[in-house]
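**Q** Sharing a structure, written as structure tokens. Questions coming.
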Amino acid sequence: MNTSNAEQLSQLILDTLIAVAPEVDPGALDPDVAFRDQFEIDSVDFLNFVLRLEKQLDRRIPEADFPRLSSLKGCLAYLGDKKT
Amino acid sequence: MHWKPIEKPAGRTKWTANLEDYDKARAAFSWEDVGRELMPQGTAHINIAHIAADRHAEAGGERVALRIVDRSFNVETISYGALRDLTDRFADAIRRLGVPRGEVVASLIGRTPAFYIAALGTLKAGAVFCPLFAAFGPEPLRQRLSIARARALVTTPALYRRKVASVRAGLPDLRYVLCTEEEAIPEGCIPLWRILDAAETGLPVVRTAPQDPALLHFTSGTTGRPKAAIQPHGAILAQYASSRFALDLRPEDRFWCTADPGWVTGTAYGIVGPLSVGATLVVDTEPFDAARWYRILEAERISVWYTSPTAIRMLMRAGDALPRERDLSALRFAASVGEPLNPEAVVWGLETLGLPFHDTWWQTETGAIMIANYAATEIRPGSMGRPLPGIEAAILHRVGGRVEPIRAPDQEGELALRVGWPSMFTGYLNDPESYARCFADGWYLSGDLARRDADGYFWFVGRGDDLIKTSGHLVGPFEVESALLEHPAVAEAGVIGKPDAIAGQIVKAFVCLRPGNIGTEELRRQLLAHTRRRLGPAVAPKEIAFCSALPKTRSGKIMRRLLRAQETGEPAGDTTTLEDPAQGDR
């Protein structure tokens with residue numbers, strides 16, 4: 001994945017996150033730290049976040065892979081790596 | 001759709017259930033017998049911590065009380081002997097600080113060792129333990145700490161900084177904040193483990209009476225402030241009996257209760273009930289994750305599992321491949337609590353995990369499981385089951401200030417319990433009027449609508465009020481509406497529970513804007529952000545819709561019932577008190 005694709009993907013992930021939890025300041029987000037260690041997100045929020053990502057990216061994300069989406073870096077690695 | 005009952009033929013399992021013959025167990029039962037079993041020397045004094053921890057430590061302290069699984073699957077074990085000593089130290093430490101008997105110690109913390117030590121240590125000191133939900137925002141926390149007049153709080157540095165520091169100045173009664181030490185201790189806080197090291201073991205447990213307050217659990221009201229239900233020390237009799245009958249627990253079990261420690265299930269069955277039986281509690285410090293949960297069920301050899309409908313539906317959504325990869329042969333009994341369990345979920349358990357989920361019904365106010373499906377008796381999928389031994393339940397109608405029990409089967413009415421079981425709440429803190437309204441003619445009125453079939457199984461119908469059940473949490477609409485009204489763009493707000501396939505209901509807000517504001521996506525997100533910051537994600541709305549007017553009574557009260565009917569397309573019922581009846585048809 002080239003730089004501009006990575007930037008686009010990062011933006012899409014942040015937009016999706018903010019749609020679910022609009023109180024999040026994307027500028028203050030540490031990409032290496034789990035989302036739930038930085039702000040309040042419950043299991044229904046997290047499920048909504050993944051469902052929205054599935055829709056945006058038009059791909060199915062199996063539940064077994066959910067833990068890999070727990071941080072921004074994890075999302076980028078997982079979603080950038082496995083092309084549908 | 002009619003669901004076939006799940007039968008329990010004799011010889012179906014290698015083990016015999018604690019409650020093998022329902023009618024016989026009910027006929028033979030007495031609370032006095034339970035008291036003698038737990039307290040052979042008499043029940044004039046009864047302390048939950050003594051029965052849950054010390055009693056087993058005296059009988060041989062090596063047995064494991066707690067197995068705490070952390071994020072990386074490392075397991076910390078605490079034996080009954082160690083639990084006795086650590087809770088001794090906690091009791092001594094808060095006595096030395098100056099928390100007198102009867103005062104409140106609150107907790108705002110996840111499922112970590114400090115939670116269990118603080119809960120039982122507080123009870124040993126004769127103080128009252130009040131667990132708070134860690135997903136609450138600063139405002140609900142401030143309100144609850146203030147109502148409880150909490151003298152001490154046990155928390156973590158991160159939670160303190162995020163949620164308590166900003167409101168502490170408004171909590172003059174809160175003298176001591178005890179913080180765990182994974183990070184630097186914030187200013188104005190006391191290092192928990194350091195004061196426990198300095199404290200002593202072996203001091204006598206405070207001799208509390210069965211009616212002395214032990215726990216405070218907050219529950220939502222339809223209007224105004226949350227209510228703090230007081231649970232007495234004697235409640236352990238019902239928590240012990242129900243752990244044996246409804247959860248089929250015995251000392252050799254590895255028991256996993258997935259409830260959050262901030263709610264009544266997190267104490268009654270996350271600590272007290274299973275420890276009173278002498279079982280080993282398995283605890284996961286982490287939030288829900290399907291793959292992780294199956295791994296824990298396998299690796300920890302969980303034998304009895306108590307979880308929630310929302311979690312079960314999330315597991316169903318995750319598919320059947322995950323459990324098939326795991327050896328779940330140790331699991332022998334599974335039960336559910338929090339909201340009615342849909343029949344699909346009961347049957348999914350049987351087909352996928354090899355055993356059905358047993359639904360149970362109870363409330364913060366009842367203090368223990370009151371109605372359940374049992375290990376050895378037929379399950380009727382979708383039913384909450386039958387009353388426990390020692391519990392008399394009925395369906396009744398309120399007629400003025402009195403009630404009339406309905407004897408005929410399959411009639412809808414309010415679910416009620418005959419007063420007199422040991423875990424019944426003894427009051428709402430500083431709110432005798434609300435407490436009095438819960439009772440009539442010797443019955444506790446639950447506020448839940450239900451019916452009873454001809455064979456005595458109870459079936460949930462709905463709430464008799466506007467309270468919202470979301471992911472097993474009870475949310476009062478007023479609290480959410482108040483937070484929305486704080487926003488300058490909002491003129492009016494009405495909040496309801498919208499049916500949801502996973503969470504049961506989600507919190508949905510209808511908002512009328514002040515003149516000059518437009519309901520843009522940007523404003524919708526602002527309102528979401530505002531309520532999430534203020535209330536936390538468990539209480540804040542998941543959906544916000546703008547509307548031009550809310551249906552109201554002629555006296556100006558928002559008719560949430562009509563908002564619900566509008567959302568679900570169900571009939572609106574009686575609209576004669578509506579201010580503008582045309583609104584009822586929207």
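The numbers here are math on the coordinates, done by the rules we state, and not lab data. Every value quoted in this text rests on a predicted model; they were computed, and no experiment measured them. Note that each Cβ is placed from the backbone with ideal geometry, even for glycine, and that neighbours are counted across all protein chains shown.
**Q** Take the Cα coordinates of chain A, assign each an equal point scatterer, and use the Debye formula without solvent to give log10 I(q)/I(0) at q = 0.11, 0.23 Å⁻¹.
**A** Computed log10 I(q)/I(0) values: -0.25, -1.25.
**Q** Relative contact order of the range B:20-117, please, whole-number percent, based on alpha carbon pairs below 8 angstrom and at least 6 residues apart.
**A** Value for the range B:20-117: 18 percent.
**Q** If you don't mind, another one. How well do other chains shield peptide A:33-44, expressed as the mean number of their Cβ atoms within 10 Å of each residue Cβ?
**A** If you average over the peptide's residues, the count of other-chain Cβ atoms is 5.
**Q** Relative to the present Cα-Cα distance, how much length would full extension add between A:ASP15 and A:ASP30 at 0.36 nm per residue of separation?
**A** 3.8 nm
**Q** Provide the convex hull volume over Cα atoms per residue for chain B, in Å³.
**A** Each residue corresponds to 163 Å³ of Cα convex hull volume.
**Q** Checking the table A:LYS55/B:LYS508; B:LYS469/B:LYS552; B:LYS163/B:LYS557; B:LYS508/B:LYS552; B:LYS498/B:LYS557 against a 26 Å threshold on Cα-Cα, which pairs fail?
**A** Cα-Cα > 26 Å for B:LYS163/B:LYS557; rest within.
**Q** Take every residue in peptide B:537-543, count the Cβ atoms of other chains within 10 Å of its Cβ, and give the average of those counts.
**A** 4
**Q** Continuing with this model, one more query. Counting Lys and Arg as +1 and Asp and Glu as -1, each charge on the Cβ, what is the dipole of chain B about the Cα centre in debye, to the nearest 20?
**A** Here the size comes out at about 820 debye.
**Q** Taking the range B:1-88, which GluC sites (Glu not before Pro) meet the DSSP loop condition and have no more than 12 other C-beta atoms within 10 Å?
**A** Details: sites: B:GLU7, B:GLU20, B:GLU32, B:GLU37, B:GLU58, B:GLU62, B:GLU76; in loops: B:GLU7, B:GLU20, B:GLU62.
Filter output for the range B:1-88: B:GLU7, B:GLU62.
**Q** For B:LYS227, go through the aspartates and glutamates and keep the ones whose alpha-carbon is under 13 Å away, minus same-chain ones fewer than eight residues off.
**A** Reachable aspartates and glutamates: B:GLU365, B:ASP431, B:GLU433, B:GLU479.
**Q** Something else about it: Compute all pairwise cysteine Cβ distances in the protein assembly as shown, then list the cysteines with no distance under 4.7 Å to another cysteine.
**A** Among the cysteines of the protein assembly as shown, those whose Cβ sits 4.7 Å or more from every other are A:CYS75, B:CYS130, B:CYS257, B:CYS438, B:CYS512, B:CYS547.
**Q** Then there is this: Pull up the DSSP beta bridges for chain B and report the antiparallel fraction as a percent, rounded to 5.
**A** 60 percent
**Q** Hey, another quick one. Would you work out which of B:PHE73, B:GLY126, A:GLY74 lies farthest towards the positive end of the dipole of the protein assembly as shown, given +1 charges on the beta-carbon of Lys and Arg and -1 on that of Asp and Glu, about the Cα centre?
**A** Result: B:GLY126.
**Q** For the range B:280-321, I need the span (max minus min coordinate) of the C-alpha atoms along each principal axis, in Å, sorted largest to smallest.
**A** 29, 20, 19
**Q** Another question, then. Reachable lysines from B:LYS8, Cα under 29 Å, same-chain residues fewer than 8 places away excluded?
**A** By straight Cα distance, B:LYS8 reaches B:LYS24.
**Q** Efficiency by 1/(1 + (r/R0)^6): what FRET value for B:SER434 and B:THR13, r their Cβ-Cβ distance, R0 = 60 Å, to the nearest 0.05?
**A** Calculated transfer efficiency: 0.85.
**Q** Something else about it: Calculated FRET efficiency, B:ASP33 and B:TRP193, Cβ-Cβ r, R0 41 Å, to nearest 0.05?
**A** With R0 = 41 Å, the Cβ-Cβ based efficiency is 0.50.
**Q** Dipole size in debye (nearest 20) for chain A around its Cα centre, Lys and Arg Cβ +1, Asp and Glu Cβ -1? Intermediate results must be reported in sequence, preceding the final value.
**A** Working: 9 positive and 15 negative charges, 97 e Å.
Roughly 460 debye for chain A.
**Q** Sticking with this structure for a sec: Can you give the charge dipole size of the range B:301-368 about its Cα centre, rounded to the nearest 20 debye, using +1 on the beta carbon of Lys and Arg and -1 on the beta carbon of Asp and Glu?
**A** About 220 debye.
**Q** Based on DSSP loop calls and a cut-off of at most 13 other Cβ atoms within 10 Å, the longest stretch of chain B free of exposed chymotrypsin sites (Phe, Trp or Tyr not before Pro) is what?
**A** B:74-586
**Q** Picking from B:VAL495, B:ILE518, B:GLY556, whose Cα lies most toward the positive end of the charge dipole for the range B:467-583 (charges on Cβ: Lys, Arg +1; Asp, Glu -1)?
**A** B:VAL495
**Q** Same structure again: Can you find, among B:ALA106, B:ALA450, B:LEU322, the residue farthest towards the positive end of the dipole of chain B? Put +1 on the C-beta of Lys and Arg, -1 on that of Asp and Glu.
**A** Result: B:ALA106.
**Q** Return the loop-located trypsin sites (Lys or Arg not before Pro) in the range B:1-54 (DSSP other than H, G, I, E, B) with at most 11 other Cβ atoms within 10 Å of their own Cβ; answer none if there are none.
**A** Qualifying residues, ordered by number: B:ARG12, B:LYS14.
**Q** How big is the range B:467-583 by the Kirkwood estimate over distinct Cα pairs, in Å? Write down the numbers at each step before the final one.
**A** Working: mean 1/r = 0.0689 Å⁻¹.
Computed over the range B:467-583, the radius equals 14.5 Å.
**Q** At 222 nm, what helix-only mean residue ellipticity would the protein assembly as shown give, in deg cm²/dmol to the nearest 500, using -39500 (n - 2.57) for each DSSP H run of four or more?
**A** Details: 21 runs with 199 residues, N = 670.
Rounded to the nearest 500, it is -8500 deg cm²/dmol.
**Q** How are the Cα pair distances of the protein assembly as shown distributed, in percent, across 10 Å bins from 0?
**A** Cα pair-distance distribution for the protein assembly as shown, in percent: 3, 15, 26, 28, 20, 8, 1, 0.
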